Each structure stands twice: as structure tokens, then as C-alpha cells.
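So the structure is just underneath, and the comments pick up after that.
The values are calculated or read from the model by the stated rules, or taken from the named source; none is laboratory data. Note that the structure is predicted; figures quoted are calculated from it, not measured. Every residue, glycine as well, gets a Cβ built from its backbone with ideal geometry; the counts of neighbours run over all protein chains shown.
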Amino acid sequence: MDSVLLQILLYTLLALPLVGAYALLGLGITVIYQASRVLNLAHGAMAMGGAYATYELYHDHLFLPSQTAAALASWHLELPLAVVGGIVAGAALGLGIERFLVRRLRTAGPTTQTVGTVAALSLCIALAARKWGTLPLEAPQIFPAGVIHVGRGFVQNARFGIFPVAIVGAALLFALFQLTDLGLAMRGAAQNRRGAALRGIDPDRTTAMAWVIGGAFAGLAGILLAGASGLDPYAISLGVLPAFVAALIGGLESMPGVVVGAAVIGLVQGMIPILALAPKFGFLFQGQGSPELVLGVVALVVMGLRGARLVGADVKGEAL
């Protein structure tokens, strides 16, 4: 019994990087949803954009016009500046998607806007594959090299560092939405755009700000994930899917709930090696594709339980 409990504790600690990554991504998804009532399926594109921007800034081959690139060729940005540049790139991508796509589709309703973000995701993946190719690139390491030993296992610093960053980010974002006038304005404009406008709040500006914040969080998550597992157009952009499930579990209007949802998804995926050892049903969790299978089952259950609530929110959003 003690050995089983020790194994559970070990895999729980090893799953913390997954929890942190899903929390960062899920928080960005939630911020955008709370402010615009749009489920941003292009969130992975923002994460990918931030990661590639950091890669470019840190490796001295900026994708800029030739004269500008020649002028900057001697620059070798320090890693902190490159990370800031990547976060800004994620924020800028979020603002661009909101301004040139989501806002133009507003009259068609939140459902059409959500479908439109799929087009943005596909376009960004195609552009990234065309520019950088599809083979994994070595992204900058954000945390010092080394490993942290946990019992008989270990976890790389690059992975373990994601968790504390996510906790700090969650606290700051919760404080922004609950304790500041900007957060109140964002939530009010999303619930009733006309009423917010009558009170002197610009709904378009608050919505754009939410997409900027969501894009910044996505960019940060993409940078951390790329440093931990490599960078290619598909791994990060499509690896955001568990974060959507985490957001659905916690409720798209609850930031603490999203963190709880990230913990559930991360821990469930982290426990798969233990579940595979179960005597009667362990075979279900063995072999390739087991994490994806578990995620798919959880997603189906969550969508079935929350389907009515999401449809109700969609109808309400279209009526405003």
C-alpha cells in the first residue's frame, strides 16, 4: 500500500507541469470568453506565435524587410527581452484576430465568431509551416538546465518551472478581473454591451483589451512549452485542446474553476502510467494514444454535462 501511495505522489508531482500549462492556456481562453462570449479556438495560434517570435528574436534572424533585418543582424537579444517580445507578439496576434475577424463577425453571433477563429488557426498554422517548416526547432530554454529529482523519477527544470509561473499568472489575472475597474468593465461589457455603452464604457475597447491579455497569456504558455518540448507548427497550436477541456470543466466564467479543471486534466493524464497497471482494466490505458483517449472521453462527458449551459449563453449573447 505504501508503495502505491508513493507512486501516486510521484506521478502527481510529475504532472504539475501539465497542470501549469493547461492553467495558463485555460486562463487566457476564459478571459476572452468572459469579455466577448467567444470561445477562441485560435488560442493555439497565439501560443505558437509567441513561441516563434521568441525563437526569432533570440536567434538573430528576424523575419523583417531586408534593410531592417540587416540593421538588426548584429543584435542578439537577451533571453528576458526575447521572452517579452514573444509575449507582445502573442498579445498582438490576439488583438489582430479580434479586430479584423471576430469584430467583423459580431452581428452574426458568437457561434459564427467561434467558427471564424478556426479559420484564423488554420491560416496561422499554414503560414508557420511555410516559414519555418514542420520539423521541430530547438527553442530557447527559459529556465536553467538541470533536473529536479522526485523519488525515483525526475522532471526537467524547463517543465517544472511552468507550474509556479501559472500560479502567479492566475493570481494576477484573478486580481485584475475582481479588484480593478478594468476587470469590472470587461465583464459588464460582455454581459450587456448596450448598457455598458450607456454608462460610458467602450465595449469594443474592453473586448480588444481582453483579447490582448488572453493573447499575452497564450504567448507565455507557448514560450514555456516550446522551451520544454521543442517548437513546431502543430505540437503547440493543437496541444491547446486539453486546456479547452479544463476551461469547460471549471466553467468558462470562473477563473478558479479553470485552475481546478487544469488540475483535473493534468492529474488524470499524469496518472495514466498507474492506471495502466490496474489488473482488470489496465489494458485500456496501455500503448500509444492513451492520453488522447482519456482526454477525448473526459471531453465528451464534460460537453454533455455543460452543453445546455453553453447554448443558453450563446443565445443570450446573440440577443444583446
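Quick check on segment 289-314: of everything there that is among the charged types (D, E, K, R) and surrounded by 14 or more Cβ atoms within 10 Å (Cβ to Cβ), which residue is modelled with the highest pLDDT? Looking at residues that are among the charged types (D, E, K, R) and surrounded by 14 or more Cβ atoms within 10 Å (Cβ to Cβ), I get R306.
Checked against the criterion of being more than 22 Å from Y11 (Cα to Cα) and surrounded by 24 or more Cβ atoms within 10 Å (Cβ to Cβ), the candidates L224, L248 yield just one match: L248. Report whether or not Q7 is under 21 Å from A175 (Cβ atoms) and surrounded by fewer than 24 Cβ atoms within 10 Å (Cβ to Cβ). Criteria not met by Q7. Against the list (1) closer than 19 Å to P164 by Cβ; (2) surrounded by fewer than 17 Cβ atoms within 10 Å (Cβ to Cβ); (3) over 16 Å from the mean Cα position of the chain (by Cα), the condition G270 fails is (2). Just to be sure before I move on: is F217 touching a residue at least 60 places away in the same chain (Cβ under 8 Å) and closer than 23 Å to A92 by Cα in the structure I sent? When the stated conditions are applied, F217 passes them.
Only residues that are over 17 Å from V19 (Cβ atoms), part of a helix (DSSP H, G or I) and not aliphatic (A, V, I, L, M) were counted across segment 228-246, and they come to 1.
Those helices (runs of 4 or more DSSP H) of segment 1-84 in which 1 or more residues are farther than 30 Å from A278 by Cα and modelled with pLDDT under 90 occupy 16-36, 43-59, 66-72.
For the criterion of being farther than 22 Å from D232 by Cβ, of a type in the set (A, V, I, L, M, F, W, C), in contact (Cβ under 8 Å) with a residue 24 or more places away in the chain and surrounded by fewer than 21 Cβ atoms within 10 Å (Cβ to Cβ), L95 passes.
Being acidic (D, E) and either buried (at least 18 other Cβ atoms within 10 Å of the Cβ) or part of a loop (DSSP other than H, G, I, E, B) (or both) is a property that holds for E253. Restricting A120, A158 to residues that are small (G, A, S) and under 30 Å from S36 (Cβ atoms) narrows the list to A120. Filtered by the rule that a residue be in contact (Cβ under 8 Å) with a residue 60 or more places away in the chain and part of a helix (DSSP H, G or I), segment 192-205 gives R193, R194, D204. Identify all residues within segment 104-141 that are in contact with an Asp or Glu (Cβ under 7 Å, 6 or more places away or on another chain) and part of a helix (DSSP H, G or I); write none if there are none. Residues satisfying the conditions are P110, T111.
Among the numbered conditions (1) at pLDDT below 95; (2) in contact with a helix residue (DSSP H, G or I) (Cβ under 7 Å, 6 or more places away or on another chain); (3) farther than 18 Å from G116 by Cα; (4) assigned to a helix (DSSP H, G or I), the only one that R99 does not meet is (3).
Pairs meeting the criteria (first residue in segment 108-130 and touching a residue at least 12 places away in the same chain (Cβ under 8 Å) and buried (at least 22 other Cβ atoms within 10 Å of the Cβ), second residue of a type in the set (D, E) and assigned to a helix (DSSP H, G or I), beta carbons under 7 Å, at least 6 apart or on different chains) are P110/D314; P110/E318.
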